[in-house]
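Data first, discussion second: the structure below is written as structure tokens.
No lab work stands behind these numbers, since they all come straight from the coordinates. This one's a predicted model, so the numbers in the text were calculated from it and none came from an experiment. As a convention, Cβ positions derive from the backbone with ideal geometry for all residues, glycine included, and neighbour counts pool all protein chains shown.
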């Protein structure tokens, strides 16, 4: 699994995000050896601007997800299908994480920054894999997956 990082964050934050992405994909049945995700760390001002430009929402948010292609919930990416590959890698998409907002939420929810960034990485990975939560019926599918993945991360002492 290739996870590229853009912007500034500690090694610990990058490590937990990478592990959270990998465990999320494994939970969903994906083989991770040929997958790639790019994670950008943004300031509140930068993520507000990105949110406005891409979603027409003028507010600071914790995480934004940009899938590289459309997947339906439950789709598996076939590592044998070379038409999906570019240099042997399938780019799933990009996530933008606002560490300032994550810190604020960690305090608000009485958790650690590490747990909060892990939660955001899991949430965003599910979005990259076709999950959503706009409608109640979609939330009822996505939220239990997020909860199960977080339990796995706790069991493995990743968070």
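Worth pointing out:
- Per-residue ellipticity at 222 nm from helix content only, as computed over the chain with -39500 (n - 2.57) for each DSSP H run of at least four residues, stands at -15500 deg cm²/dmol.
- Here the label points at residue 75 and residue 108, each 7 Å from Cα along the C-beta direction, are separated by 3.2 nm in the simple model.
- The chain: angle of helix 44-55 to the longest principal axis, Cα-based, in degrees nearest 10: 50
- The angle between the Cα long axis of helix 99-108 and the longest principal axis of the Cα atoms of the chain comes to about 70 degrees, rounded to the nearest 10.
- Kirkwood radius for the chain, taken over all pairs of different Cα atoms as the inverse mean of 1/r, rounds to 16.0 Å.
- Just so you know, the averaged projected area of the alpha carbon convex hull for region 104-159 sits at 4.1 nm².
- Two-site FRET efficiency, residue 52 against residue 6, from Cβ-Cβ distance with R₀ of 25 Å, rounded to 0.05: 0.80
- Pairwise centroid distance, computed over Cα atoms, of region 1-80 with region 112-159, Å: 12
- Candidates 66, 139, 131: whichever shows maximal mean-square fluctuation once the chain is modelled as a Gaussian network with Cα springs under 10 Å: 139
- Footprinting exposure proxy for 159, 134 (fewest neighbouring C-beta atoms within 10 Å first): 134, 159
- Percentage relative contact order, region 2-155, counting C-alpha pairs under 8 Å, at least six apart: 28
- Compared with the dominant Cα axis of the chain, that is its longest principal axis, helix 113-128 is turned about 40°.
- Beta bridges per DSSP with both ends in region 2-155, % antiparallel, nearest 5: 30
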